[in-house]
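Written out below as structure tokens is the structure these notes cover.
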Amino acid sequence: MRFLRICLFASLMALGPANVSAQAYQSVVNDISDLILIHRYPEAQARLNALQRQYPAATDLQFQELVLLFTWIDDYGIADSLNRAFRSQVDAVVTSANRDLARNPNDARALFYKGSALAYRALYRSYVEGIGRNIGSLLTDASSGMAELEKARAADPSFADPLIAIGKYKHWKSKKLPWPFATAQEGRDGIRMLEQAVRMGVLSDGGAEQTLAWIYMSERRYDDAIALVQPYVAKYPTSRFFLEIIARAYQEKGDYVRAGALFGRIMNGLSPDERARPFVVMKYERWIAKLRLQQGRRDEACEIARRLRSLNYAGVHRDWLDRKMEEVHRIEREACR
């Protein structure tokens, strides 16, 4: 996850005379993070490009661009069109972080950026290449990232951000890999790490909370998920990232009225461009279809599922599409029989 609100690090001081003050720099970086969080990706890219022209050697900005690209791809399913840019940006972050580490091998934030970039690459590859026969290579990629993040923790124990990716990876392993490659204890340790990151505070505004909330959802801790992200729904009322968690939590709790209202709020908040993207519409309307099925309104559920299946998803990467369409197919089989 992934929405970096970056503080002005000591490494920025090595960039030479500033054309803007540290306060102004901080303000622009925060604005870019907020734009990513509320799905205004082209605006975020334009602001980031302008700042990078002033600070071309800033590793924090290189990493923020990686976060932007991955979030954009994941939200819109556009891995095909942004694939080259994303892979190139992973390399750019690693190169920039290595340059920082050559000056200071214990630079916790450079270690964090490098480790996170490698982890993002492993996650991205798991989507576009599949896990299956690539499991060994993917685990090697992910493990390399985790090793750098562990170094970041050791270099600065007060820096909590590495705990997000490490905790998420431990929980994922506990659910996806058999013993002795992973254990249930690792999953519990992962949750504790994320809870520690939330308590300590991290650079990414809501990043630890969003990651932990989805893990709470997978553990059926729906009330905990709601309580965790509710403040961010209030802070970022147009961000679907937090609204979806609460809507899904209420749906799983059986509060269909409240869930329906929240999904309606998501759909009403889509921009004209997003409404014209079948993938974005399908991501949320599939849950509305399931909601209608749960309410016993089978005809409506069937109609929604069939309409979603018939849309033109040109330009959406097949793996992003297939993962979301599985739910549509399940609803159609049950509602339309």
Legend entry - Residues of region 91-123 classified as of a type outside the set (Phe, Trp, Tyr) and surrounded by 18 or more Cβ atoms within 10 Å (Cβ to Cβ), total: 20
Inset, instruction - Determine whether Trp179 is surrounded by fewer than 20 Cβ atoms within 10 Å (Cβ to Cβ), at pLDDT below 95 and under 18 Å from Leu118 (Cα atoms). - result: no
Legend entry - Residue tally, condition closer than 14 Å to Tyr169 by Cβ and surrounded by fewer than 19 Cβ atoms within 10 Å (Cβ to Cβ), over region 189-207: 2
Inset, instruction - Mind telling me which of the residues Pro162, Pro178 ends up being farther than 29 Å from Glu274 by Cβ, out of contact with any helix residue (DSSP H, G or I) (no Cβ under 7 Å at 6 or more places or on another chain) and free of Cβ contacts under 8 Å to residues at least 60 places away in the same chain? - result: Pro178
Legend entry - helices (runs of 4 or more DSSP H) fully within region 221-337 counting 2 or more residues that are loosely packed, with under 15 Cβ neighbours inside 10 Å, over 22 Å from the mean Cα position of the chain (by Cα) and modelled with pLDDT of 95 or more: 256-268, 298-310, 318-335
Inset, instruction - Would you be able to tell me the number of residues in region 43-93 that are assigned to a helix (DSSP H, G or I) and more than 25 Å from Gln26 (Cβ to Cβ)? - result: 16
Inset, instruction - Could you please let me know if Asp141 is modelled with pLDDT under 95 and of a type in the set (D, E, K, R)? - result: yes
Inset, instruction - Evaluate region 158-181: report whether one residue or more is more than 22 Å from the chain's Cα centre (by Cα) and assigned to a helix (DSSP H, G or I). - result: no
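The values are calculated or read from the model by the stated rules, or taken from the named source; none is laboratory data. The model shown is predicted, which means the values in this text are computed figures rather than measured ones. Don't worry about glycine lacking a Cβ; one is built from the backbone with ideal geometry, like all the others, and counts go over all protein chains shown.
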